[in-house]
Amino acid sequence: MEDNSPAPIIASILGYFRTAAMLAATRLDLFTHIAQGRGSVAALAEACGAEERSIRALCDFLAVHHHLERVDGSYRLTPASATFLDRRSPAYMGSMADFLASAANRDQAFGDALAFMHRRTEKAAGNVAPENPVWVAYAEAMTPLSLPVAKAAAAVLAALVPAPSRILDIAAGSGAFGIEMLRVLPAASVTAVDWPAVLTVAKANAARRGVGDRLELRPGNALEIDLGAGYDLVMLPNFLHHFDEATNVALLRRVAAALVAGGRLAVVEFVRDEEALPPEPIATFALMMRATTPAGDAYSGRELERMIGAAGLTATDARLLGNTLQTLIVASLNRRR
(Lines give C-alpha, C1' and ligand atoms only; values in the text may rest on other atoms or scores of the structure.)
Protein backbone atom coordinates (compact mmCIF):
# COMPACT_ATOMS: atom_id res chain seq x y z
CA MET A 1 0.00 0.00 0.00
CA GLU A 2 1.25 3.46 -0.88
CA ASP A 3 2.47 5.47 2.11
CA ASN A 4 0.28 8.55 2.46
CA SER A 5 2.31 10.07 5.32
CA PRO A 6 3.51 13.68 5.06
CA ALA A 7 6.77 12.69 6.82
CA PRO A 8 8.92 12.57 3.65
CA ILE A 9 7.64 16.00 2.64
CA ILE A 10 8.47 17.50 6.01
CA ALA A 11 11.87 15.79 6.01
CA SER A 12 12.71 17.37 2.65
CA ILE A 13 11.64 20.82 3.82
CA LEU A 14 13.82 20.46 6.90
CA GLY A 15 16.72 18.93 4.96
CA TYR A 16 18.95 21.90 5.71
CA PHE A 17 19.39 20.52 9.21
CA ARG A 18 21.35 17.63 7.70
CA THR A 19 23.77 20.25 6.39
CA ALA A 20 23.85 22.03 9.74
CA ALA A 21 24.52 18.80 11.59
CA MET A 22 27.43 17.81 9.35
CA LEU A 23 28.96 21.27 9.55
CA ALA A 24 28.74 21.23 13.35
CA ALA A 25 30.11 17.70 13.63
CA THR A 26 33.10 18.26 11.36
CA ARG A 27 33.97 21.63 12.89
CA LEU A 28 33.84 20.09 16.37
CA ASP A 29 35.91 17.08 15.22
CA LEU A 30 33.11 14.98 16.71
CA PHE A 31 33.89 11.90 14.60
CA THR A 32 37.58 11.98 15.52
CA HIS A 33 36.76 12.28 19.22
CA ILE A 34 34.47 9.24 18.98
CA ALA A 35 37.18 7.30 17.12
CA GLN A 36 39.52 8.10 20.01
CA GLY A 37 37.17 6.43 22.47
CA ARG A 38 35.08 9.38 23.68
CA GLY A 39 31.72 7.79 22.89
CA SER A 40 29.61 9.01 25.81
CA VAL A 41 27.65 12.23 25.74
CA ALA A 42 29.58 13.59 28.71
CA ALA A 43 32.99 12.79 27.22
CA LEU A 44 32.03 14.25 23.85
CA ALA A 45 30.63 17.42 25.40
CA GLU A 46 33.88 17.95 27.30
CA ALA A 47 36.08 17.22 24.26
CA CYS A 48 34.02 19.46 21.97
CA GLY A 49 33.40 22.23 24.48
CA ALA A 50 29.66 21.92 23.89
CA GLU A 51 26.47 21.39 25.90
CA GLU A 52 25.59 17.80 26.73
CA ARG A 53 21.99 18.15 25.56
CA SER A 54 23.12 19.61 22.24
CA ILE A 55 25.71 16.85 21.76
CA ARG A 56 23.08 14.22 22.51
CA ALA A 57 20.68 15.76 19.99
CA LEU A 58 23.42 16.04 17.35
CA CYS A 59 24.65 12.47 17.82
CA ASP A 60 21.13 11.03 17.77
CA PHE A 61 20.43 12.95 14.56
CA LEU A 62 23.65 11.65 12.97
CA ALA A 63 22.80 8.11 14.07
CA VAL A 64 19.33 8.33 12.52
CA HIS A 65 21.02 9.33 9.27
CA HIS A 66 23.49 6.41 9.52
CA HIS A 67 26.66 8.41 10.21
CA LEU A 68 26.90 7.03 13.77
CA GLU A 69 25.65 4.02 15.71
CA ARG A 70 24.29 4.21 19.27
CA VAL A 71 25.03 1.24 21.51
CA ASP A 72 24.13 1.19 25.22
CA GLY A 73 23.88 4.96 25.34
CA SER A 74 27.25 5.61 23.71
CA TYR A 75 28.14 6.36 20.11
CA ARG A 76 30.53 4.75 17.68
CA LEU A 77 31.46 5.34 14.08
CA THR A 78 30.03 3.47 11.14
CA PRO A 79 32.57 1.97 8.71
CA ALA A 80 32.04 4.88 6.30
CA SER A 81 32.41 7.51 9.02
CA ALA A 82 35.59 5.82 10.26
CA THR A 83 37.04 5.92 6.75
CA PHE A 84 35.98 9.39 5.68
CA LEU A 85 35.26 11.48 8.80
CA ASP A 86 38.00 10.55 11.27
CA ARG A 87 40.59 13.29 10.75
CA ARG A 88 43.41 10.77 11.24
CA SER A 89 42.27 8.68 8.27
CA PRO A 90 44.18 9.11 4.96
CA ALA A 91 40.79 9.20 3.22
CA TYR A 92 39.42 12.00 5.45
CA MET A 93 36.75 14.05 3.68
CA GLY A 94 35.44 16.26 6.45
CA SER A 95 37.09 19.29 4.86
CA MET A 96 34.52 19.08 2.06
CA ALA A 97 31.72 20.21 4.35
CA ASP A 98 32.90 23.82 4.55
CA PHE A 99 33.20 24.02 0.75
CA LEU A 100 30.01 22.23 -0.27
CA ALA A 101 27.99 24.04 2.41
CA SER A 102 29.76 27.38 2.03
CA ALA A 103 27.74 30.57 2.36
CA ALA A 104 28.33 31.26 -1.35
CA ASN A 105 26.79 27.95 -2.37
CA ARG A 106 23.95 28.13 0.13
CA ASP A 107 23.01 31.68 -0.86
CA GLN A 108 22.63 30.72 -4.51
CA ALA A 109 20.06 28.11 -3.55
CA PHE A 110 18.32 29.83 -0.63
CA GLY A 111 18.64 33.51 -1.51
CA ASP A 112 15.77 33.11 -3.95
CA ALA A 113 14.32 29.63 -4.12
CA LEU A 114 13.08 30.26 -7.67
CA ALA A 115 16.16 32.02 -9.03
CA PHE A 116 17.75 28.93 -10.54
CA MET A 117 14.48 27.78 -12.08
CA HIS A 118 14.63 30.71 -14.50
CA ARG A 119 17.35 31.11 -17.12
CA ARG A 120 17.47 34.89 -17.08
CA THR A 121 20.09 36.63 -19.21
CA GLU A 122 21.04 38.76 -16.23
CA LYS A 123 21.67 35.73 -14.02
CA ALA A 124 24.93 36.16 -12.12
CA ALA A 125 27.95 34.11 -13.13
CA GLY A 126 27.86 32.36 -9.77
CA ASN A 127 30.73 29.97 -9.22
CA VAL A 128 32.10 30.49 -12.74
CA ALA A 129 32.78 34.19 -12.18
CA PRO A 130 36.42 35.07 -13.08
CA GLU A 131 38.91 34.16 -10.36
CA ASN A 132 36.17 33.30 -7.89
CA PRO A 133 37.93 32.45 -4.58
CA VAL A 134 35.56 29.51 -4.22
CA TRP A 135 37.89 27.51 -6.49
CA VAL A 136 40.83 27.94 -4.14
CA ALA A 137 38.61 26.55 -1.39
CA TYR A 138 37.58 23.76 -3.75
CA ALA A 139 41.17 22.84 -4.56
CA GLU A 140 42.12 22.79 -0.89
CA ALA A 141 39.06 20.95 0.42
CA MET A 142 38.00 18.50 -2.28
CA THR A 143 41.24 16.60 -2.94
CA PRO A 144 40.04 13.57 -0.92
CA LEU A 145 37.07 13.24 -3.28
CA SER A 146 39.11 13.88 -6.44
CA LEU A 147 42.00 11.57 -5.65
CA PRO A 148 40.33 8.15 -6.10
CA VAL A 149 38.73 9.36 -9.34
CA ALA A 150 42.10 10.67 -10.57
CA LYS A 151 43.86 7.41 -9.70
CA ALA A 152 41.23 5.34 -11.52
CA ALA A 153 41.37 7.60 -14.59
CA ALA A 154 45.18 7.51 -14.69
CA ALA A 155 45.17 3.71 -14.60
CA VAL A 156 43.06 3.69 -17.77
CA LEU A 157 44.72 6.58 -19.59
CA ALA A 158 48.33 5.52 -19.01
CA ALA A 159 47.92 2.72 -21.54
CA LEU A 160 46.60 5.09 -24.23
CA VAL A 161 49.33 7.73 -24.47
CA PRO A 162 52.92 7.38 -25.67
CA ALA A 163 56.01 7.63 -23.50
CA PRO A 164 57.20 10.32 -23.18
CA SER A 165 53.99 12.31 -23.50
CA ARG A 166 52.77 15.88 -23.22
CA ILE A 167 49.56 16.29 -21.25
CA LEU A 168 47.26 19.29 -20.80
CA ASP A 169 45.13 19.42 -17.63
CA ILE A 170 42.34 21.99 -18.06
CA ALA A 171 40.75 23.36 -14.86
CA ALA A 172 43.43 21.51 -12.92
CA GLY A 173 42.13 22.50 -9.48
CA SER A 174 44.14 20.64 -6.85
CA GLY A 175 46.19 19.11 -9.65
CA ALA A 176 45.07 15.59 -8.70
CA PHE A 177 44.45 14.36 -12.25
CA GLY A 178 47.68 15.70 -13.70
CA ILE A 179 49.69 14.55 -10.68
CA GLU A 180 48.38 10.99 -10.97
CA MET A 181 49.30 10.92 -14.67
CA LEU A 182 52.82 12.07 -13.80
CA ARG A 183 53.08 9.34 -11.19
CA VAL A 184 52.15 6.54 -13.61
CA LEU A 185 54.12 8.04 -16.56
CA PRO A 186 57.61 8.93 -15.29
CA ALA A 187 58.65 10.54 -18.60
CA ALA A 188 55.50 12.65 -19.03
CA SER A 189 55.03 16.37 -18.49
CA VAL A 190 51.78 18.16 -17.60
CA THR A 191 50.68 21.71 -18.36
CA ALA A 192 48.04 22.78 -15.82
CA VAL A 193 45.49 25.49 -16.67
CA ASP A 194 43.50 27.29 -13.98
CA TRP A 195 43.27 30.60 -12.15
CA PRO A 196 46.63 31.74 -10.70
CA ALA A 197 45.65 31.29 -7.03
CA VAL A 198 44.33 27.81 -7.72
CA LEU A 199 47.52 26.77 -9.52
CA THR A 200 49.47 27.69 -6.38
CA VAL A 201 47.60 24.87 -4.62
CA ALA A 202 48.23 22.46 -7.52
CA LYS A 203 51.94 23.28 -7.59
CA ALA A 204 52.28 22.69 -3.85
CA ASN A 205 50.47 19.35 -4.13
CA ALA A 206 52.70 18.31 -7.03
CA ALA A 207 55.82 19.17 -5.02
CA ARG A 208 54.56 17.11 -2.07
CA ARG A 209 53.99 14.14 -4.39
CA GLY A 210 57.48 14.45 -5.88
CA VAL A 211 56.45 15.51 -9.40
CA GLY A 212 56.59 19.31 -9.15
CA ASP A 213 59.46 19.59 -11.63
CA ARG A 214 57.29 18.12 -14.40
CA LEU A 215 54.25 20.35 -13.83
CA GLU A 216 54.11 23.56 -15.87
CA LEU A 217 51.61 26.26 -14.90
CA ARG A 218 49.52 28.15 -17.44
CA PRO A 219 47.36 30.60 -15.47
CA GLY A 220 44.24 32.14 -16.93
CA ASN A 221 40.70 31.55 -18.13
CA ALA A 222 40.57 28.15 -19.87
CA LEU A 223 37.85 29.44 -22.18
CA GLU A 224 40.07 32.23 -23.49
CA ILE A 225 43.81 31.68 -23.09
CA ASP A 226 46.11 30.07 -25.64
CA LEU A 227 46.17 26.38 -24.71
CA GLY A 228 49.31 25.65 -26.69
CA ALA A 229 49.69 22.70 -29.07
CA GLY A 230 51.33 19.32 -29.51
CA TYR A 231 49.59 17.49 -26.66
CA ASP A 232 49.19 13.71 -26.67
CA LEU A 233 46.40 13.92 -24.09
CA VAL A 234 44.08 16.69 -22.94
CA MET A 235 42.17 16.13 -19.71
CA LEU A 236 38.91 17.88 -18.89
CA PRO A 237 38.04 16.64 -15.40
CA ASN A 238 34.73 17.93 -14.05
CA PHE A 239 34.63 21.08 -16.15
CA LEU A 240 32.04 20.80 -18.92
CA HIS A 241 29.15 20.65 -16.45
CA HIS A 242 29.65 24.35 -15.65
CA PHE A 243 28.64 25.60 -19.12
CA ASP A 244 26.06 25.32 -21.86
CA GLU A 245 26.58 23.18 -24.95
CA ALA A 246 27.68 26.02 -27.23
CA THR A 247 30.40 27.10 -24.78
CA ASN A 248 31.56 23.51 -24.39
CA VAL A 249 31.74 22.89 -28.14
CA ALA A 250 33.82 26.05 -28.60
CA LEU A 251 36.23 24.86 -25.90
CA LEU A 252 36.38 21.34 -27.32
CA ARG A 253 37.27 22.70 -30.75
CA ARG A 254 40.20 24.53 -29.18
CA VAL A 255 41.16 21.30 -27.43
CA ALA A 256 41.08 19.45 -30.76
CA ALA A 257 43.42 22.06 -32.24
CA ALA A 258 45.84 21.53 -29.35
CA LEU A 259 46.14 17.75 -29.88
CA VAL A 260 48.64 15.93 -32.05
CA ALA A 261 47.26 13.62 -34.74
CA GLY A 262 45.95 10.56 -32.93
CA GLY A 263 45.86 12.44 -29.65
CA ARG A 264 43.29 11.68 -26.96
CA LEU A 265 40.77 13.70 -25.01
CA ALA A 266 39.73 12.49 -21.54
CA VAL A 267 36.49 13.88 -20.09
CA VAL A 268 35.46 13.03 -16.52
CA GLU A 269 31.90 13.86 -15.50
CA PHE A 270 28.90 12.79 -13.48
CA VAL A 271 26.89 11.44 -16.41
CA ARG A 272 23.11 11.39 -16.33
CA ASP A 273 21.12 8.52 -17.87
CA GLU A 274 18.40 10.00 -20.10
CA GLU A 275 16.20 6.93 -19.78
CA ALA A 276 16.33 6.22 -16.05
CA LEU A 277 15.92 8.13 -12.81
CA PRO A 278 19.44 9.08 -11.68
CA PRO A 279 20.90 7.96 -8.36
CA GLU A 280 20.56 10.56 -5.62
CA PRO A 281 24.12 11.98 -5.90
CA ILE A 282 23.74 12.69 -9.61
CA ALA A 283 20.23 14.11 -9.19
CA THR A 284 21.60 16.39 -6.45
CA PHE A 285 24.57 17.36 -8.59
CA ALA A 286 22.35 18.34 -11.54
CA LEU A 287 20.25 20.60 -9.30
CA MET A 288 23.42 22.09 -7.81
CA MET A 289 24.73 22.97 -11.27
CA ARG A 290 21.47 24.69 -12.16
CA ALA A 291 21.69 26.68 -8.91
CA THR A 292 25.35 27.69 -8.92
CA THR A 293 26.12 28.30 -12.61
CA PRO A 294 24.38 30.35 -15.31
CA ALA A 295 23.82 27.38 -17.64
CA GLY A 296 25.52 24.25 -16.31
CA ASP A 297 24.02 20.77 -15.95
CA ALA A 298 24.79 17.12 -15.36
CA TYR A 299 24.89 16.06 -19.00
CA SER A 300 23.86 12.72 -20.40
CA GLY A 301 26.31 10.50 -22.26
CA ARG A 302 24.49 11.25 -25.50
CA GLU A 303 24.80 15.01 -24.95
CA LEU A 304 28.51 14.77 -24.18
CA GLU A 305 29.17 12.62 -27.23
CA ARG A 306 27.28 15.14 -29.37
CA MET A 307 29.47 17.99 -28.09
CA ILE A 308 32.63 15.95 -28.61
CA GLY A 309 31.58 15.03 -32.14
CA ALA A 310 30.77 18.65 -33.01
CA ALA A 311 34.38 19.52 -32.14
CA GLY A 312 35.80 17.00 -34.62
CA LEU A 313 36.61 14.22 -32.17
CA THR A 314 35.21 10.72 -31.86
CA ALA A 315 34.24 9.22 -28.50
CA THR A 316 35.80 5.75 -28.38
CA ASP A 317 35.22 4.57 -24.81
CA ALA A 318 33.11 5.37 -21.76
CA ARG A 319 33.43 3.64 -18.42
CA LEU A 320 32.51 4.15 -14.80
CA LEU A 321 35.52 4.85 -12.58
CA GLY A 322 35.14 2.31 -9.79
CA ASN A 323 32.42 3.19 -7.29
CA THR A 324 32.86 6.96 -7.69
CA LEU A 325 29.73 7.41 -9.87
CA GLN A 326 31.92 9.37 -12.29
CA THR A 327 32.40 8.39 -15.91
CA LEU A 328 35.54 8.64 -18.01
CA ILE A 329 34.88 9.34 -21.70
CA VAL A 330 37.87 8.94 -24.01
CA ALA A 331 37.81 10.54 -27.46
CA SER A 332 40.32 10.41 -30.29
CA LEU A 333 41.54 12.93 -32.82
CA ASN A 334 42.18 10.89 -35.94
CA ARG A 335 42.76 13.46 -38.64
CA ARG A 336 46.27 14.38 -39.71
CA ARG A 337 47.63 17.88 -39.30
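The values are calculated or read from the model by the stated rules, or taken from the named source; none is laboratory data. Just so it is clear, the model here is predicted, and its values are computed rather than measured. Don't worry about glycine lacking a Cβ; one is built from the backbone with ideal geometry, like all the others, and counts go over all protein chains shown.
Among the residues making up the range 36-95, those that are among the basic types (Lys, Arg) and either in the same structural domain as residue 146 (by TED's automatic domain parsing) or in contact with a helix residue (DSSP H, G or I) (Cβ under 7 Å, 6 or more places away or on another chain) (or both) are 38, 56, 70, 76, 87, 88. Selection over the range 1-17 of residues that are closer than 30 Å to residue 108 by Cβ and not in a helix (DSSP H, G or I) gives a count of 3. Filtering the range 18-45 to residues that are within 18 Å of residue 86 (Cα to Cα), in a helix (DSSP H, G or I) and charged (D, E, K, R) leaves only 27.
Rundown of residues vs (1) more than 30 Å from residue 286 (Cα to Cα); (2) among the β-branched types (Val, Ile, Thr); (3) loosely packed, with under 15 Cβ neighbours inside 10 Å, yes/no style:
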site	(1), (2), (3)
157	no, no, no
160	yes, no, no
176	no, no, no
179	no, yes, no
206	yes, no, no
211	yes, yes, no
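Restricting attention to the range 223-257, the residues being small (Gly, Ala, Ser) and over 15 Å from residue 167 (Cα atoms) number 2.
Here's the yes/no breakdown for (1) among the acidic types (Asp, Glu); (2) at pLDDT 95 or above:
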site: 182; (1), (2): no, yes
site: 232; (1), (2): yes, yes
site: 254; (1), (2): no, yes
site: 264; (1), (2): no, yes
site: 284; (1), (2): no, no
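Just one of (1) in contact (Cβ under 8 Å) with a residue 60 or more places away in the chain; (2) among the aliphatic types (A, V, I, L, M); (3) in contact with a helix residue (DSSP H, G or I) (Cβ under 7 Å, 6 or more places away or on another chain) fails for residue 260. It is (3). Of the candidates 220, 230, the single residue that is of a type in the set (Gly, Ala, Ser) and either under 21 Å from residue 201 (Cα atoms) or surrounded by 20 or more Cβ atoms within 10 Å (Cβ to Cβ) (or both) is 220.
Considering only residues in the range 190-202 that are out of contact with any strand residue (DSSP E or B) (no Cβ under 6 Å at 6 or more places or on another chain) and not hydrophobic (A, V, I, L, M, F, W, C), the one that is surrounded by the fewest Cβ atoms within 10 Å (Cβ to Cβ) turns out to be 200. Applying a threshold of 8 Å to beta carbon distances and a minimum spacing of six or more residues, or different chains, the list of pairs starting in the range 269-280 at a residue that is without any contact (Cβ under 8 Å) to a residue 24 or more places away in the chain and ending at one that is in a loop (DSSP other than H, G, I, E, B) and not charged (D, E, K, R) reads 278/298. Among the residues making up the range 183-221, those that are under 19 Å from residue 155 (Cβ atoms) and in a loop (DSSP other than H, G, I, E, B) are 185, 186, 187, 188, 209, 210, 211. Pairs are defined by a Cβ separation below 8 Å, a sequence spacing of at least 6 or placement on different chains, a first member in the range 316-333 that is free of Cβ contacts under 8 Å to residues at least 24 places away in the same chain and surrounded by fewer than 14 Cβ atoms within 10 Å (Cβ to Cβ), and a second member that is polar (S, T, N, Q) and not in a strand (DSSP E or B); the pairs so defined are 320/326. Candidates in the range 121-150 are the residues that are modelled with pLDDT of 70 or more and among the hydroxyl-bearing types (Ser, Thr, Tyr); of these, the one that is nearest to residue 205 (Cα to Cα) is 143.
Residues in the range 46-81 that are surrounded by fewer than 16 Cβ atoms within 10 Å (Cβ to Cβ) and in a helix (DSSP H, G or I): 46, 52, 53, 54, 57, 60, 64, 79, 80.
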